[in-house]
Structures are given as structure tokens and as C-alpha cells.
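Below: the structure, in C-alpha cells.
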Amino acid sequence: MADGVRDADDPTQGMTRGLPNYGDSGFSLFLRKAFIKGAGYTDEALDRTVVGIVNTGSGFNPCHGNMPQLIEAVKRGVMLAGGLPVDFPTISLHESFSNPTSMYLRNLMSMDTEEMINALPLDAVVLIGGCDKTVPAQLMGAASAGIPAIQLVTGSMLTGGHRGERVGACTDCRAFWGRYRGDEIDDQEISEVNSSLVGSVGTCSVMGTASTMAGIAEAMGIALPGSATPPAVTADRMRIAEQTGTRAVGIARERLTIDRILTESSFENALRVLLALGGSTNGIVHLAAVAGRLGFDLDLERFDRLSRETPVLVNLKPAGTHYMEDLHRAGGIPMLLERLRDLIDLDALTITGRTLGEELAERDTSFPQEVVRPREDPIYPAGSIAVLRGNLAPGGAIIKQAAATPELLEHTGRAVMFENSADMAERIDSEDLDVRADDVLVLKNIGPTGAPGMPEAGYIPIPKKLARQGVKDMVRISDGRMSGTARGTIVLHVSPESAIGGPLAYVRDGDTVRLSVTDRVLSLEVSDDELARRAEGQPVTRPATPARGYRKLFVDEVTQAEEGVDFRFLQAESKRGAVPRAR
Ligand code: FES
């Protein structure tokens, strides 16, 4: 058998794989080939190893705007290795074109990905994703499908410029919008900024969720070494795409299935890299979901232990100052892994068939650069993301302290409570709102079930009357998420969520809330008896289950943040342990 060409007698490969059931497999194959020959294929082409390429291009997804070029390059790589590339579509999600929130649709995309992989005659699959929820959805779906899979990200957008200042989506989007709300810039300028923030197609140019997931995918070994950081419109990105196609034929031939790559070691490496990147808090939720598909629970206490010993080394917004294109020039993820050498498992297998350590040995990381800091000069010493517990969050909550105001990390204040997003939108900018700069803003009912979909509404805006006084940050608490591009002293993922009766539901205006990141505590200074009285007096009624459709499925099946907001019935049938591992 020639390299890359399937064994025609093996019924588990190529066009003979996964035939529709007509009660006669010979006829099923005859029919399949007859149809696809209608597209001009020869028998010689159809005898090859089949590599599926997941096409998530969409006119509504500019983060995937280079999809046609990427697919062409992947196909070239597959053909060079003697395989047959065939692309097919799945759902595509863009953050700004996913009502009510992209998280609501992530599980649907994962189901689409899993079922299409299962339905089609694929020996391996190239997953092309980029925008925040797409890579997690693809990894979740491919993990459940279980065939050889390799991730390719679309790459970051280029930065833009505004009046001499370099800008990029979307940390700067929020900063400029905050200045606009505080009347620091006018209508004309905010309109100019709007045209400058996104310099090209590709994913957000800071260390938001897309960049975090790209880095994580490479660190986990499911994407090629060096593949996370080339910007979307560069020659490097296209070369990575070609190499990904070539390697896809290799993993098909070697039967290098995804469960051999996504192991306890690779999840631990991913969590380390998430922390050292100063990555998005959403990365925790997504990693919990992917791990759950393979039978691993995410242990938040152990994650916090990793956090305490892992410094933030990558100087990208929102925790730092640079952008993704700078990280690429600075050596990308291999540079970071080299810096973390003693903290990561170098024996973890990667998609190349070699270990992470073997891959790193081939990289030159000795050149001077200023984006990936040395261990002795970190951006943030340790604990980029801290896990909090207390009577307000018995199931856990998190805070990205690396992007918070240091003085607010130990804070006790008066709660100013909003019942839900609509209530907040109605009152947050009211001159009558009783709020002071040292108060704690509390938003309920934006958790997985409550919203539903756990929207990124946890970045509660500073009330306009305080913004005008120059207040830039306050302690903010919710059961929702926030964008990885945002910064502030913001406690997220409070679990259990308020909509299912978590203690957050019983916070009242004027209660005293204590945040202590040093002690890892989030507490409501209200007695247990009083909380019990409130629960009895105003018991929470879970949101009514919608009558039909995906929304019904979502509300019925969604799990809490610490389980990845996945659907219960999509998690692995049996448990294999917890990540990170106990020491
Ligand atoms: Fe797609 Fe930011 S909106 S990555």
C-alpha cells in the first residue's frame, strides 16, 4: 500500500466507512460511489484515504473569513500526502452574530460536528475553527466521535490604528466604549474607532477566548507545533494549513485517535498554558466540557493549586500590552512552553506522533524578545485565575485577578443587586440608582439555565454616574461569564447559579459582601439562619421548561459552569478520573 493510500480491502477505511443501511452493504457502496462520481471523481481518487475538512466559513463569521484559502491549503497538504480531501459544512458561530449568546449554541455545534464526523466516511478530520466557541465545540464533538482529528485555527486578525494609537479587538473596544460612556470621547470619535478596531479577517487580536483556545489546542498537542499564533492573512498561516492537511493523512494511517492525544497530561498542560497566557476565564469552562467528553472531571481546587504556582508570562492585552501578531513574532506557544519546561509534562504525545518534549527540542527559542517574559520577570507572579469558595459560591466561582484592580482584590462592600440583565439595563445608568464606588454590583440570573446560555454579561458596566466621576472599576459578581478580552475586578461563574436556587438568588440590596482573593473567599455576611429564612420566604422557581426545540433541550440538560455547561447526555458514559491529577 502506498503512503497515504488506503487498503481497499479494509472495510473500516475511506469510502467504505459508515455506509447507510440499505440492507445490502455492497449496494450501499455502489450507490455512494455512483453519486460522488457525479461530481467527477475517479475510482483512483475514491480509493484514497479520506480526510474530511470541517468548513465553518460563513458570511456572518468574519473571524473565519480566510476559510476558502485555508481549505485550499489543507487540501493541497492532503493531496501531497496522497489522501483525498473533502470539505463539509457545520454550524459556524461568531460572537456578535449568535443570539442570545454563542455559548447557548456551542453544544449544538458540538453535536453537529460529532454527528457529521460519524455520518461521513472519514479516516481523519481537520477541524477548522477560530472564533471563541468554535474550537471548543469542535474538540468536544471530535472527542465524542473518537476518530483521528487535528485542529487548525483560522488565526488572529491584524491590529488597526486610531489617531496614532495601535488598537485591536476587543480589549480596546471595551476601553473606548467605557470612555464614551464617561463622556471622555464624542460620537464622531467613537464612530472612527468602530472602523479601526478590526484590521482584517481573523480572530480577536488580544488574549481573548479565541487566542486562549488556539494556545490551549497547541499545548494539548491536538494542533501542530507553532500553529496557534500566525495571523489569519499571513503566509505562515497558509503553510500551517498545508502542513495540517499533510499530517491529517498521517494520523489517519497511524490510527492516531483523539483520545490518545487528549489525556490527563495534555489537559494539565492546557491548564498550565491557560494560566501562563493570562488566558480567558472561558477557557476553564471549555476545558471542563472537552474533558467531560472523555470522562474526566475538572477539579477546581487542584486547578487553583496549579494557578498559585504558575506565573503569567505572556504580555498580551488584557493582562498586558501586546497583541497576537507580536506573540507570533516572539516565538509563539513553543517559546512559552520552553519557559514553562519544568511545569509541563514533556512526555505528552502530540499530533505529530512525537512528544511535546521532542517537538520543543527542535525549536530555537534562544532569540531575544519581550512578549514572553522570563520566569523571573513575569507579568503577574502567580494565580492569574483564582478559584473562590464561600457561602455565596459553594460550587465555586472564579476571578481573573491578573486583569483586576489590585486594591479591590481584598474588598468588603455593600451589595447593589440586579435581578437579571433586563433589570440591570433598565437601572444601571439611572441617576436615581443608589450606588457608590465602593459598592459591589451583583447580577443574578445570567447562569447556564437562567439566561439561558450563560452570556458574557458578567462584565457589568460601571454605572454612568460613577463613570462620569472617573470610576473605572468596581467589584462585580454574577453567575455569568465575561469575554476574555475584558478586564476588571469581576467574579464570575458563581455556582450553583441563582436560577436554580444557588445562594446568589438570596442576596439583597445593602447586604455586605466580602471578596478576599488571598483567602480565596467569596462570602455574604449574612447568617445561615437568615439565608434559610430568605430561601423559605421567597423560594426560587426554576425557569419554566420551554415547550419545544433546542431551547427545551438546553434548559433540561445543561450543567453548571464547573462541568463545562455541557449537556448531561453528551458527557462520557463512564468516568476516568479528574484533571489536574492529585499529587
Ligand atoms: Fe471572533 Fe473575537 S469575535 S474571536
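The values are calculated or read from the model by the stated rules, or taken from the named source; none is laboratory data. What you see is a predicted model, and the numbers here were worked out from it, not measured in a lab. Counting neighbours? That spans all protein chains shown, and the Cβs are built from the backbone with ideal geometry, glycine included. The protein model used for the area step is the full one, side chains on, heavy atoms only, and it has no ligands, DNA or RNA in it. Shrake-Rupley method; radii C 1.70, N 1.55, O 1.52, S 1.80 Å.
Values for this structure:
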read-out: Pairs with Cβ under 8 Å, 6+ apart, first in the range 545-566 and open to solvent by 20 Å² or more (accessible area, probe 1.4 Å), second assigned to a loop (DSSP other than H, G, I, E, B) and among the acidic types (Asp, Glu); value: 560/497
read-out: Matching residues in the range 9-63 - criterion: being more than 32 Å from the chain's Cα centre (by Cα), at negative phi and among the small types (Gly, Ala, Ser); value: 25, 26, 28, 34, 38, 39, 45
read-out: Tabulated pairs, the range 481-505, first within 16 Å of the ligand (Cβ to nearest atom) and at pLDDT below 95, second assigned to a loop (DSSP other than H, G, I, E, B) and hydroxyl-bearing (Ser, Thr, Tyr), C-beta under 8 angstrom, 6+ apart or interchain; value: 482/281; 482/459; 483/280; 483/459; 484/280; 484/281; 485/280; 486/459
read-out: Neighbours by Cβ (under 6 Å, 6+ apart or cross-chain): first from the range 167-178, over 12 Å from residue 195 (Cα atoms); second within 11 Å of the ligand (Cβ to nearest atom) and modelled with pLDDT under 90; value: 170/485; 171/485
read-out: In the range 420-435, the residues that are part of a loop (DSSP other than H, G, I, E, B) and open to solvent by 20 Å² or more (accessible area, probe 1.4 Å); value: 420, 429, 430, 431, 432, 434
read-out: Any strands (runs of 3 or more DSSP E) falling wholly within the range 476-565 and containing at least 3 residues that are of a type outside the set (S, T, N, Q) and closer than 30 Å to residue 167 by Cβ; value: 490-495
read-out: Condition met for residue 144 (open to solvent by 20 Å² or more (accessible area, probe 1.4 Å), modelled with pLDDT of 95 or more and either within 16 Å of the ligand (Cβ to nearest atom) or part of a loop (DSSP other than H, G, I, E, B) (or both)); value: no
read-out: Breaking point among (1) basic (Lys, Arg); (2) open to solvent by less than 50 Å² (accessible area, probe 1.4 Å); (3) under 20 Å from residue 556 (Cα atoms), for residue 476; value: (3)
read-out: Leading residue by the ranking (modelled with the highest pLDDT) among those in the range 390-412 that are farther than 18 Å from residue 301 by Cα and crowded, with 20+ Cβ neighbours inside 10 Å; value: 408
read-out: Sole residue being within 21 Å of residue 125 (Cβ to Cβ), within 16 Å of the ligand (Cβ to nearest atom), of a type outside the set (A, V, I, L, M) and at pLDDT 95 or above, chosen from 65, 82, 57; value: 57
read-out: Residues satisfying the stated conditions in the range 44-60, i.e. surrounded by fewer than 24 Cβ atoms within 10 Å (Cβ to Cβ), within 18 Å of residue 204 (Cα to Cα) and in contact with a helix residue (DSSP H, G or I) (Cβ under 7 Å, 6 or more places away or on another chain); value: 57, 58, 60
read-out: Extreme residue, nearest to the ligand (Cβ to nearest atom), among residues of the range 14-54 that are of a type in the set (A, V, I, L, M) and closer than 22 Å to residue 139 by Cα; value: 54
read-out: Unique match (being in contact with a strand residue (DSSP E or B) (Cβ under 9 Å, 6 or more places away or on another chain) and either charged (D, E, K, R) or closer than 30 Å to residue 198 by Cβ (or both)) among 373, 293, 354; value: 373
read-out: Helices (runs of 4 or more DSSP H) (entirely within the range 173-287) containing at least 1 residues that are of a type in the set (Gly, Ala, Ser) and surrounded by fewer than 24 Cβ atoms within 10 Å (Cβ to Cβ); value: 187-194, 235-254, 264-277
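Table: residues versus (1) open to solvent by less than 10 Å² (accessible area, probe 1.4 Å); (2) under 17 Å from residue 505 (Cβ atoms); (3) modelled with pLDDT under 95; (4) assigned by the TED database to the domain that holds residue 302.
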| position | (1), (2), (3), (4) |
| --- | --- |
| 377 | no, no, no, no |
| 386 | yes, no, no, yes |
| 416 | yes, yes, no, yes |
| 437 | no, no, no, yes |
